[in-house]
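Participant: Submitted below is the structure of interest, expressed as structure tokens.
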Amino acid sequence: MFLLNFFIVLLVILKSNKLMSDNPCIFEDTCARCLKADISCAWCTDKLYEMRYRCLNHSQLLEFGCHPDHIYENEPKLHILEDSDVHDYVSANSQAIQVQPQRVYLKLVKSHTQRLKLTYRPARNNPLDLYVLMDLTWTMRDDRETLVQLGADLATTLSNLTSNYRLGFGSFADKPEMPMIMPELRENPCAAEHDICEPTYGYRHHLPLTENVQAFVRSVEASKVTGNLDNLEGGLDALMQVLVCSQEIGWKDQARKVIILVTDGFMHFAGDGLLAGITQRNDKKCHLNEQGEYLGSLQYDYPSLEEIYRELLKRKISVIFAVTEKVIATYREISNLMKEISNVELLKADSSNILELIKKGYGRFIKRTQFSDNSPDFIKLDYETDCGGQFESLRKRNYCNDVRLGDTVEFYINITLTGSPKNGVEKIRVEESTLSEVMEIEVEIQKPCPCEEVAEPNHEYGRFQCSDNGYLQCGMCQCEAGWTGTFCNCPTDLVNATTQEAIENLCRPPSNSKFFEDKYPICSNHGECDCGLCYCFADFDGKYCECPACDIECDPQRADCICGECVCKYGWSGNHCNCEDSSDGCIAPNGEICSGSGSCQCGNCLCDPSYRGRFCEIGSGSENKLCAFYEPCVSCLIEQKTGMNACENFDEVCSSAERHERFTTSFITEEINADIRCLVRLTNPHGMKCDYYFTYQSLGPAENYLLIQLTNCEPINLASVITFISLTTFILGFFIILFIWFCIRIKDAREYARFEDEQNNSVLMESPLYKDPVRRYEVPKELNGKPTNPFL
């Protein structure tokens, strides 16, 4: 009998040792900590359960006698509620589906991540609503005529994009108030141009969205040109009305909605209305009358870019800025603030390329997809995708570029509950940024342990289990004042040795037994026992101080400390979990990892021999891969800046290969003082080879800065040079001749003076044979005064 009891106890001890060694749940002493320890952990709330450990997995709790109805465990769930396949647009009764699934049910457990796949495919023949918003001030009068002439071609262009399109038209000028106009020119702002035109107006809605192309052409033809004083227009005023007047414009929910804003001028922004005495902030409401006139032009200020951006996102509308070369730089800066829903295209002076811009802008919107969500702070959503095979592995991103019609792109969404909200049900919408395509996630939050919510201090069995010095709550004793310990059997003022020994046994691992002579050390010799609880020394942890503490570098944001081991969380690796698995930090602007000349370790590039640079782009000689990558962009910008050529493909050559983010560029005239200098050699219109230098700085895939040095590279004007040399030679020769003449005059004067001095001071010696050649005759005195006889 004794041997039988011995083997039974030994079996229990072995089971306990196995539980301690293999179970991540066993050391947790509350229901909340138990469920958080691991997804497999469960808590026994059975008051009749006699096993010391209440936090085990479900099967272990059943094995040790916990009633199945009293086991509370983590129960993450995922059910697809609506899962229609993606397909193209067929008819009004069979709309395109571009996102799959459409509705999902999730039950989330705190700190546990659930993974959901979202499939996206851009549909062919999807409806298109295109609204042309045109600047009709005096300088745009020819552009209106061009749009009228291109009416037939417009229908052909749009039908090549989709057969299901609609067109609308509106025009704008500016607020009809000083200083935007001259008061004396209010009725005819074109009088200064010796012409007659429409009085200035803010915005005029001419034609709601319609399938009738001829109605669109007639509407454009019937519109009238007006004028204003400055080169700043009220485009934002008009754009806000086009966005918020959904009923008047006729926007369709299922269509891809695009506004093309055509102008050759700059725009007024929020606050400029103060110049005209308008102080009331733009209310973002529709103020169109039955004739389509904007009635709030003199009542409300211009909207801000932030307000426009929010409305574009809210209403899923994209905008194309079709602008002329002199203002394109400003509109590119505006577009950079709302990249996902805007594009800038270069408009020719007469708008003759507007059809090409519509086709190009629409194509760019089609190729880019981006998803966002309205998840609350306590639910975290992370997106991963390979963009339909564009990358070898999944990357953390919520967008893709260069997605063609019919291509399928899969996004994997990792959903984690990080907090405990009051409300147990949430609805999250995952939306495509430019389409009314939504995946709705109905989220149920698993409630905290129910046994922790209601206590039963007077329950008879509960008080018995807790030595009548406390009560059971959630299967654990809650002791009254003066008592402590697992079963409230430890007085806070211990006095006798017997009780002290019993308390010390509570601080020993449960494998101790009276059948063994040697006892396990109290708190594993790594702490002190106080009323049945171990208080560990520094560098130790665990219920019995049996685990070494994790290193201080084990960041809890990146890893979990489990019994002395730093166990990395998803996305992290390394001894201290300080290395991010993602290679995003090693991706050079040209899309290559470490420029193909190194390896990515811990988010940084480790270069091969003879290579250096942040992305290993600089070789041993003069080779620099990023210089070669940036060269087309720099060449394009220099040609535009110097007037050689217009940079029409700016978005293609001046954006990163990985994220398609535009570069930030600036020009200087002084010499670049930097370790890295790249050379661009261009041929100007005169056939001369011109050298330009630039340097770059890349702070990440989305932050690229280019500093370009401009140099003067123009041919010599031969006519000016010849004229200058000739004039200089003439003036110089004149002064030289004048100087020589002056010197000769002075010399001659001196010689003549000396000659006269010699003449005056010399004695004249005449030869006797010398005869004076001069003969002198004197008239006789008698003949003086007498008339002369003319006949003699």
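Participant: Only one of (1) within 30 Å of Gly419 (Cβ to Cβ); (2) acidic (Asp, Glu); (3) in contact (Cβ under 8 Å) with a residue 40 or more places away in the chain fails for Asp83. Which number is that?
Facilitator: Looking at each condition in turn, Asp83 falls short on (3).
Participant: Answer yes or no: is there a residue in the range 600-614 that is in contact with a Phe, Trp or Tyr (Cβ under 7 Å, 6 or more places away or on another chain) and either over 30 Å from Leu682 (Cβ atoms) or polar (S, T, N, Q) (or both).
Facilitator: yes
Participant: Within the range 308-319, which residues are open to solvent by 10 Å² or more (accessible area, probe 1.4 Å) and touching a residue at least 40 places away in the same chain (Cβ under 8 Å)?
Facilitator: Glu311, Leu313, Arg315, Lys316
Participant: Please state which of the following conditions Lys339 fails to meet, knowing it meets all the rest: (1) free of Cβ contacts under 8 Å to residues at least 40 places away in the same chain; (2) open to solvent by 60 Å² or more (accessible area, probe 1.4 Å).
Facilitator: (1)
Matching residues to (1) part of a strand (DSSP E or B); (2) modelled with pLDDT of 90 or more; (3) open to solvent by 40 Å² or more (accessible area, probe 1.4 Å):
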| residue | (1), (2), (3) |
| --- | --- |
| Thr226 | no, no, no |
| Val242 | no, yes, no |
| Ile260 | yes, yes, no |
| Leu275 | no, no, yes |
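Participant: Quick check on the range 353-396: of everything there that is of a type in the set (Ser, Thr, Tyr) and touching a residue at least 24 places away in the same chain (Cβ under 8 Å), which residue is most open to solvent (accessible area, probe 1.4 Å)?
Facilitator: It comes out as Ser372.
Participant: Then there's this: Can you give me the ranges of the strands (runs of 3 or more DSSP E) entirely in the range 538-654 with at least 1 residues that are free of Cβ contacts under 8 Å to residues at least 24 places away in the same chain, small (Gly, Ala, Ser) and surrounded by fewer than 18 Cβ atoms within 10 Å (Cβ to Cβ)?
Facilitator: Counting at least 1 such residues, we get 598-601.
Participant: In addition: Which of the strands (runs of 3 or more DSSP E) found entirely inside the range 80-184 contain at least 1 residues meeting this: open to solvent by 20 Å² or more (accessible area, probe 1.4 Å) and of a type in the set (D, E, K, R)?
Facilitator: 103-108, 113-120, 165-172
Participant: Just one of the numbered conditions (1) closer than 24 Å to Phe464 by Cα; (2) open to solvent by less than 80 Å² (accessible area, probe 1.4 Å); (3) of a type outside the set (Val, Ile, Thr); (4) at pLDDT below 85 is not true of Cys66; which one?
Facilitator: Evaluating Cys66 over (1) closer than 24 Å to Phe464 by Cα; (2) open to solvent by less than 80 Å² (accessible area, probe 1.4 Å); (3) of a type outside the set (Val, Ile, Thr); (4) at pLDDT below 85 leaves (4) as the failure.
Participant: Here's a follow-up. Six or more apart or on different chains, Cβ atoms under 7 Å: show the pairs whose first residue is in the range 655-670 and modelled with pLDDT of 80 or more and whose second is open to solvent by 60 Å² or more (accessible area, probe 1.4 Å).
Facilitator: Sorted first by the residue in the range 655-670, then by its partner, the pairs are Thr664/Tyr705; Phe667/Lys641.
Participant: Which is touching a His at 6+ places or on another chain (Cβ under 8 Å) and in contact (Cβ under 8 Å) with a residue 60 or more places away in the chain, of Ile249, Ile260?
Facilitator: Checking each option against the conditions leaves just Ile249.
Participant: Same structure, new question: Which residues, taken from the range 263-302, are farther than 20 Å from Ser171 by Cα and among the β-branched types (Val, Ile, Thr)?
Facilitator: If the condition is that a residue be farther than 20 Å from Ser171 by Cα and among the β-branched types (Val, Ile, Thr), then Ile278, Thr279 are the ones that fit.
Participant: If Ile8 passes every condition in (1) modelled with pLDDT of 80 or more; (2) β-branched (Val, Ile, Thr); (3) not assigned by the TED database to the domain that holds Glu437 but one, which one does it miss?
Facilitator: Of everything listed in (1) modelled with pLDDT of 80 or more; (2) β-branched (Val, Ile, Thr); (3) not assigned by the TED database to the domain that holds Glu437, Ile8 misses just condition (1).
Participant: I'm checking my understanding of the structure. Among residues of the range 397-406 that are at pLDDT below 90 and charged (D, E, K, R), which one is most open to solvent (accessible area, probe 1.4 Å)?
Facilitator: Arg404
Participant: Let me ask another. Go through the residues of the range 81-94 one by one and say whether even a single one is of a type outside the set (D, E, K, R) and within 30 Å of Pro176 (Cα to Cα).
Facilitator: Checking the range 81-94: not a single residue is of a type outside the set (D, E, K, R) and within 30 Å of Pro176 (Cα to Cα).
Participant: Arg677: without any contact (Cβ under 8 Å) to a residue 12 or more places away in the chain and open to solvent by 40 Å² or more (accessible area, probe 1.4 Å), yes or no?
Facilitator: In short, no.
The values are calculated or read from the model by the stated rules, or taken from the named source; none is laboratory data. Here the structure is a predicted model, which means the values were calculated and not measured. When we count neighbours, we look across all protein chains shown, and the Cβ atoms used for this are built from the backbone with ideal geometry, even at glycine. These area figures cover heavy atoms from the full protein model, side chains too; ligands, DNA and RNA do not enter into them. Shrake-Rupley method; radii C 1.70, N 1.55, O 1.52, S 1.80 Å.
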